[in-house]
Amino acid sequence: MLLIPCPWCGPREDDEFTFGGEADFPRPAEPEALTDEQWADYLFMRDNRRGRHREQWCHTAGCRRWFIVERDTVTNEILGAGTYGGSP
Amino acid sequence: MQFYSLPNLIRRGLRGHRDWTPAWRKAQLRPSYDVIIVGAGGHGLATAYYLAKLHGVTNVAVLERGWLGGGNIGRNTAIVRSNYLWDASAHIYEFSLKLWESLSQELNYNVMFSQRGLLNIAHSEQELHDLARRVGANRLNGIDAELLSTEEISKRVPVLNTSPDTRYPVLGGTLQRRGGVARHDAVAWGYARAADALGVDIVENCEVTGIRTANGRVTALETTRGEIRAGTVGLVVAGNATVLASMAGIRLPILSHPLQALVTEPLKPVFDPVVMSAAVHVYVHQTDRGELVLGAGIDAPVSYDLNGNFRIIEHVLAAVCELFPIFSRVRMLRQWAGTVDVCPDASPIISGTPIKGLFMNCGWGTGGFKATPGSGWVFAHTLAHQEPHPLNEPFSLDRFTSGALIDEHGAAAVAH
């Protein structure tokens, strides 16, 4: 079980949250200008990092806001959390 | 290789069982091989075996970071079936199932393959329609599949609660009679022994730390036991596929998640087939020793941790008690997890890569065990000929660019 530090509500149990995958890959501004390879890279390819991992969470059963968590994917240790634009 | 047979058992038994030799050698690592397979799990060892057996490629090493069979081959719930929806998957899983049917004889090693039947149950009209569609698709592909009514299910598995008063009543289901279970450790050991007998070097405690390339070709692997040269490398490392591929600068569409399973104390035999329910997400069978083996779902967050979230266990046990009230006071013996490599379309990648000589066999996600023999067969072909076997051609890495995905979420989402 993870204790996830929501920047607005504080630490809560993980069943209040929805996992939103890796952070830091914004939707391309002009998808129609991309090659098939670039589009596939955006849609499907992931770093899937073993170790430090920046990821998105939504406090679904709480404030319903999205935020960023940094977590170690081997130990599940939460290394930090923050809002978009601010560093966690 | 010492042949395992009744006369041999008696002969050696009379001599006090003193002259049995280990099932495989502790191989000495050599500086160069024709083919290196990374990962001594079921798929990797099967690949090595078929490379040596069918293609005459015996200058092969199988490198393993930990111990042989310590990954997902020893962590799955041992279920074998081939009732997948799309042609590409149906063909490769059915090819595997046919190999399973003679695998013990092929390897001279008892993998305890038991075709006790496999029952998918439906709890909603929609699910029943989906299952009926899959039965039709299976039959068109020559795979045995039949629709069962609630009464027929109740007759087959009397301990299943088929009362209409439950929260999720059983409305019907499908049966694959040729499906069943196998002893998963024996599959790894059997392939290892047979591959070793054909000259394959299996090297444990040897972690790959880098992949050397020159002019777009793989040339060598850096390992914790030094550099090993090879012109052809196959990565068969399941949950760590992304880690290995990134050493060669290749990006994969794979996410790694913990998948848990549990086993109970032994009970007297109470039901025969594997029972799976996608709606409440549980799959359960009773082993020959009488234990119930319960499979759970994956943790939602990406993780390489080998514990898994306790919440998932609560969920699967709640579902089991709902379906089988008789099991409500059975005690759990142990729980474990494996790291599964999940693809966006729930289908594997058995493919070449942009780097010549470097091949991947990964992305089996939650359901790779059943495919072990067929996966090894087609991957051996791919490595030997440097091009895919017709059965794994659709499972290329390119499909994520072309859009030709093989969406097996319906057939793969549960019953791993």
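FYI, it's all coordinate maths here, none of it is from the lab. None of these values were measured; they are calculated from a predicted model. A quick note on method: Cβ atoms are made from the backbone with ideal geometry, for glycine too, and the neighbour counts reach across all protein chains shown.
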Output ordering of B:139-147, B:9-17, B:183-191 (per-residue mean of other Cβ within 10 Å, highest first) is B:183-191, B:139-147, B:9-17
FRET E, pair B:R133, B:D398, Förster distance 35 Å, beta-carbon r, rounded to 0.05
0.80
Hey, with R₀ at 56 Å, roughly what FRET efficiency would B:Q386 and A:Y84 work out to, going by the Cβ-Cβ distance, to 0.05?
0.75
Can you compute the modelled spin-label distance between A:L43 and A:E22, with each label point 7 Å from Cα toward Cβ, in nm?
1.7
Quantify how strongly other chains surround peptide A:53-61 by giving the mean number of their Cβ atoms within 10 Å of each of its Cβ atoms.
1
If R0 = 56 Å, then B:R30 and B:E314, at their Cβ-Cβ distance, give a FRET efficiency to the nearest 0.05 of 0.65
Give the separation of the Cα centroids, segment B:261-335 to segment B:88-103, in Å.
26
In peptide B:394-404, what is the residue-averaged number of other protein chain Cβ atoms found within 10 Å of each Cβ?
3
Explain nothing, just the number: dipole magnitude of chain B about its Cα centre with +1 on each Lys and Arg Cβ and -1 on each Asp and Glu Cβ, in debye rounded to the nearest 20.
1240
Mind listing the lone cysteines of chain A, meaning no other Cys beta-carbon sits under 4.7 Å from theirs?
A:C58, A:C63
Tell me, what is the percent relative contact order of segment B:67-123, built from C-alpha pairs under 8 Å that lie six or more residues apart?
21
Unit charges at the beta carbon, dipole of segment A:1-60: most positive-side option, A:C6, A:H59, A:F44
A:C6
To make sure I understand the rule: partners must be lysines, Cα under 26 Å from the Cα of B:K98, and not fewer than 8 residues away in the same chain. Which ones qualify?
B:K53, B:K370
Within 10 Å of each Cβ in B:295-303, the average number of Cβ atoms from other chains:
5
Run lengths n ≥ 4 of DSSP H only: what is the helix-derived mean residue ellipticity at 222 nm for the protein assembly as shown, with -39500 (n - 2.57) per run over all residues, to the nearest 500?
-7500 deg cm²/dmol
